[in-house]
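See structure below.
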Amino acid sequence: MRYVAFYIASVVLVNWGFSTFPGYEWFWSIVIGGVFITRDYCQRAVGHWCVAAMAIAGLLSYWMADPFVAIASVCAFAVAEVVDWVVYSVTKRPLADRILISSSVSTPLDTVVFLSMLGLLSPSLVSLQIASKMLAAVGLWIVLKFWVQRR
């Protein structure tokens, strides 16, 4: 359950940050890279119930952050979650590969949906968000590959 709690908290934190500190979208765009990794661990821990965790995070974000940011976040995560779920669940690759593949497919979609709904769609923020998400995914992929090889 700690992965579920961490996932919910990370979604709420990023949405709160986008709402509370306008002008620092670049920072929250970097932080959001870790949210996708926590989502993968959440799904690994509770399977398809990860969608319920996303809904709880959306409701908490709606209450704690700007409701418009929360709605944009839920829409973006919903699109990304469907793609992640398909890639993560259907492929029978090792965990590290599933995380990398699902992130590479879902992060551009999530980024474009979220930033466009907030009216922040710009090449720099899109690039920064995609790069941060993929950097987190590649970093975890390397760690997991190394860990599995050592076992």
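One table, with the values for the structure above:
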| quantity | calculated |
| --- | --- |
| Given (1) under 14 Å from the mean Cα position of the chain (by Cα); (2) modelled with pLDDT under 90, number of the condition Ala76 does not satisfy | (2) |
| Residue within segment 106-115 that is part of a helix (DSSP H, G or I) and more than 30 Å from Phe21 (Cα to Cα) present | no |
| Given (1) exposed (fewer than 15 other Cβ atoms within 10 Å of the Cβ); (2) under 17 Å from Tyr7 (Cβ atoms); (3) touching a helix residue (DSSP H, G or I) at 6+ places or on another chain (Cβ under 6 Å), index of the condition Ala76 fails | (1) |
| Which listed residue, of Ala131, Ala137, is within 16 Å of the chain's Cα centre (by Cα) and at pLDDT 85 or above | Ala131 |
| Criterion violated by Ser127 - all others in (1) surrounded by fewer than 19 Cβ atoms within 10 Å (Cβ to Cβ); (2) in contact with a Ser or Thr (Cβ under 7 Å, 6 or more places away or on another chain); (3) of a type in the set (Ser, Thr, Tyr) satisfied | (2) |
| Where a residue in segment 81-92 is exposed (fewer than 13 other Cβ atoms within 10 Å of the Cβ) and its partner, wherever it lies, is modelled with pLDDT of 80 or more, with Cβ under 7 Å and at least six apart | Thr91/Arg98; Thr91/Ile101 |
| Residue that is surrounded by the fewest Cβ atoms within 10 Å (Cβ to Cβ), among those in segment 7-21 that are touching a Ser or Thr at 6+ places or on another chain (Cβ under 6 Å) and of a type in the set (S, T, N, Q) | Ser10 |
| Those residues of segment 21-61 which are at positive phi and part of a helix (DSSP H, G or I), in sequence order | Gly47 |
| Matching residues, segment 62-84, being in a helix (DSSP H, G or I) and within 15 Å of Ala9 (Cβ to Cβ) | Trp63, Met64, Ala70, Ser73, Phe77 |
| Filter result (hydroxyl-bearing (Ser, Thr, Tyr), surrounded by fewer than 22 Cβ atoms within 10 Å (Cβ to Cβ) and under 23 Å from Ile71 (Cβ atoms)) within segment 22-48 | Tyr24, Thr38 |
| Hey, Ala55 of a type in the set (A, V, I, L, M, F, W, C), modelled with pLDDT of 90 or more, crowded, with 22+ Cβ neighbours inside 10 Å and over 23 Å from Trp141 (Cβ atoms) or not | no |
| Selection within segment 15-41 - closer than 17 Å to Val79 by Cα and not polar (S, T, N, Q) | Ile32, Gly33, Val35, Phe36, Ile37, Arg39, Asp40 |
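The values are calculated or read from the model by the stated rules, or taken from the named source; none is laboratory data. As the structure is a prediction and not an experimental result, all values here were calculated from the model. Heads up, the Cβs are rebuilt from the backbone with ideal geometry, glycines too, and the neighbour counts pull from every protein chain shown.
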